[in-house]
């Protein structure tokens, strides 16, 4: 037989707190237990306090101390202890610190979708563009329609380029002299080169009288001196590259050697000049997704044609919207755009004879269409640096300090070329570029709009010597 639960008042909060009424199940018993005598709350004490002297009842027996079994105790949760710093202790209650509010940065995306054009292509911008270079295409950028496409044009071109038959005599002595010059001497004078020479001779500015005493070697030296003063070389500076070369022995430290003759320009200067130039009128500052609706499908197809409609460009453009700005320009509200840098480096020979060669690093901007970049007259290629070669004097110094030069010359030179390329890039990617990479560059672009430009490197194409 189970007894109904007993009701016990517990003082859990100490003095001045409310009492909690708890129902306790009685243990099973074969006999009915007498009811517990009621006691005031003061009779219930905590375990940690020493039991007080219980008053005696009639008969001389002491009153039983009723204590709640441990399994029935209700231990209420306690708040976490608060660590008080010395500064908090010295504060007055009225000087309680104000609650700190979290900093929230709101980035609003003004997405836009264009209408489909005549080819069924449309764009989706994550951020509304401030300028669209494709909204107006000059007539100079369009190829003349139908030129040299008809059969008549092809026939005229073929007849103009054909050689006279062996039976027909030459028209004049000038042609005979020109053909004799082509067919004698070097075999590199092709028909195309001869036609270019004829164009030079027929130029109105060409004068035979000015060729009296002409010497090609002397005139080339004069031209080289003038090229050094050309504005194309403006901004170039010469620097020495330091590389570490191992000694070839276990207990001998490496040696630092210098490779002189690095000509380079500051990347930040080139980027600023590019965005201020007239070519910037064709830059895409806001990337987009390009779609096409085929007739055979209900789902549109994604079209990839340029760097500025790739996912990498779109993600980077969205990321720079949250990029930091310098502390002194914390209230900057300028449009943030990406300068998509595309680098190439390739060691190339300057002629089909001799050993003259260059090792340039040049850059294109992915904000520009690949069709414009491919035009030789667009001036869209920017020369950044000319990597120096390992001269004979450098190899002689290397042979004198390396213990295994005679047996590992090829591997040692490969190591030095690799270290040379890394040393060049450490100079090119200077502190100004790293600061611009993090905080951007404020540039007044060609369209008159001031923007904050963040340079980002998207591609780097190199050949074997750079490995």
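How far apart, in nanometres, would the label points at residue 353 and residue 449 be if each is projected 7 angstrom from Cα along the Cα-to-Cβ direction?
Output for this residue pair reads 5.5 nm.
Mind listing P(r) for region 240-290? All alpha-carbon pairs, 10 Å bins, whole percents.
18, 22, 19, 16, 15, 9, 0
Ratio to report: Rg/Rh of region 183-308, with Cα atoms as the point set and Rh obtained by the Kirkwood method; give two decimals.
Here the Rg-to-Rh quotient is 1.19.
Note down the Stokes-Einstein diffusion coefficient of region 326-467 in µm²/s, whole number, using a Kirkwood radius over alpha carbon pairs, 10 °C, and 1.306 mPa s.
My calculation gives 87 µm²/s for D.
Give, to the nearest whole percent, the P(r) tail of region 279-357 beyond 18 angstrom, counting all Cα pairs.
Working: 2003 of 3081 pairs.
Here the long-distance tail beyond 18 Å is 65 percent of all Cα pairs in region 279-357.
Please list, by residue number, everything in region 111-133 whose backbone N is under 15 Å from a paramagnetic label point 7 Å out along Cα→Cβ of residue 293.
Zone members listed by number: 113-124.
Given a Förster radius of 56 Å and the C-beta distance between residue 302 and residue 68 as r, what FRET efficiency does 1/(1 + (r/R0)^6) yield to the nearest 0.05?
Here the calculated transfer efficiency is 0.20.
Please find the FRET efficiency linking residue 252 to residue 429, where r is the Cβ-Cβ separation and R0 is fixed at 41 Å, and quote it to the nearest 0.05.
Step by step, r from the Cβ atoms, then E = 0.85.
Sketch the reach of a paramagnetic label on residue 116 as a point 7 Å from Cα along Cα-to-Cβ, and name the residues of region 266-303 whose backbone nitrogen lies under 15 Å away.
Of the residues in region 266-303, 290-303 have backbone N under 15 Å from the label point off residue 116.
Using a Förster radius of 35 Å, what is the FRET efficiency between residue 222 and residue 372 based on their Cβ-Cβ separation? Nearest 0.05, please.
With a Förster radius of 35 Å, E is 0.50.
Could you order the peptides 247-254, 425-432 from most to least packed, using the average number of other C-beta atoms within 10 Å per residue?
Answer by packing, highest mean first, reads 425-432, 247-254.
What is the packing order of peptides 179-191, 270-282, taking the mean over residues of other C-beta atoms within 10 Å and listing the highest first?
Output ranking for 179-191, 270-282: 270-282, 179-191.
Computed from the coordinates by the stated procedures, all read-outs in this text should not be read as laboratory data. Computed from a prediction, not measured in an experiment: that's the story for all the values here. Note that each Cβ is placed from the backbone with ideal geometry, even for glycine, and that neighbours are counted across all protein chains shown.
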